[in-house]
Ligand SMILES: NC(=O)c1ccc[n+]([C@@H]2O[C@H](COP(=O)([O-])OP(=O)(O)OC[C@H]3O[C@@H](n4cnc5c(N)ncnc54)[C@H](OP(=O)(O)O)[C@@H]3O)[C@@H](O)[C@H]2O)c1
């Protein structure tokens, strides 16, 4: 089944705990997907619109938990989840297992692992997850949701999880979803900062970002990161093989120094190229100067 496909199959009762910008869209998506929906938010008024459209308002997290088989938690962080749940436990004598708590807030892998014990002590199943798209994409087949934790939870509740987007199961270690999430976000911020600093560099000569964009994107995607080269080069990282025959780290340091000197010359902040230079110099000091740029990975990995 793809996300949002109409179906006549009975839908699992779902609760959404947390109605910030993301939680509201998750709840709307569950409603559209036909799930009987219960919602709870610390600031209760945020549920008004959902209630007008058919959701049931829970007066407490305990009430939301008792009403659902899947409790989607989308709060600011793990501490907010603990605060919101207070001493809520699985409803005694409910005669059914669970519910499954699916926690979609961001955090650290250790926080996710600790949450498993917290959930087990309350009688909840637990899957940790991460949302890899902004709210407008939730519910579309392009909406990637990452999950980690017990495989049987993922398999049992796949139908409900598919309502939100395309679920990807990463493995039994509950910390994996937030670890992937932070790794992908790091890629996003590093790439965006590169683009913004580059736009500022050409902007120093009066070039509009809009004029630079087409050339920048057209160059970046095949020359630096094409889908084929990205996948083809990744195994070199696993093998720790960085042949420098097409370009060495020394050569790349030279290019980075030009970015640094140009930034200073045109009055653009130089902290980003300074950091890139420090990283390259550290790898050269560790003996990787005649290998290619990817050898920097050796100074990053644990
Ligand atoms: N928005 C996005 O684009 C996006 C994308 C991907 C992932 N995410 C993740 O989704 C999660 C939620 O994000 P968001 O954008 O909806 O907004 P947010 O500002 O991160 O979280 C807001 C929600 O947290 C609640 N909250 C905060 N502290 C609380 C506490 N101590 N006790 C109870 N509730 C508390 C708020 O309740 P009140 O309404 O009462 O303040 C509200 O429901 C975050 O972890 C975020 O990283 C967001």
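Observations, loosely collected:
- Of the residues making up region 238-249, one or more are within 25 Å of the chain's Cα centre (by Cα), in the same structural domain as residue 199 (by TED's automatic domain parsing) and at pLDDT 95 or above.
- Residues within region 113-154 that are more than 10 Å from the ligand (Cβ to nearest atom), out of contact with any strand residue (DSSP E or B) (no Cβ under 9 Å at 6 or more places or on another chain) and in contact (Cβ under 8 Å) with a residue 40 or more places away in the chain, tallied: 1
- Filter pass, residue 107 being over 23 Å from residue 89 (Cα atoms), buried (at least 19 other Cβ atoms within 10 Å of the Cβ) and assigned by TED's automatic domain parsing to the domain that holds residue 27: no
- Considering region 155-166, the residues that are surrounded by fewer than 21 Cβ atoms within 10 Å (Cβ to Cβ) and more than 15 Å from the ligand (Cβ to nearest atom) include one that is farthest from the chain's Cα centre (by Cα), namely 156.
- All helices (runs of 4 or more DSSP H) inside region 6-79 with 1 or more residues being buried (at least 24 other Cβ atoms within 10 Å of the Cβ): 21-32, 61-67
- Scanning region 37-47 for residues that are within 12 Å of the ligand (Cβ to nearest atom) and either farther than 17 Å from residue 76 by Cα or outside the structural domain of residue 70 (by TED's automatic domain parsing) (or both) yields one hit, 45.
- Within region 200-224, the set of residues being in a loop (DSSP other than H, G, I, E, B) and surrounded by fewer than 13 Cβ atoms within 10 Å (Cβ to Cβ) comprises 205, 206, 208.
The values are calculated or read from the model by the stated rules, or taken from the named source; none is laboratory data. Bear in mind that the values here come from a model prediction, so they are computed numbers and not experimental data. Ideal geometry is used to build each Cβ from the backbone, glycine not excepted, and the neighbour counts take in all protein chains shown.
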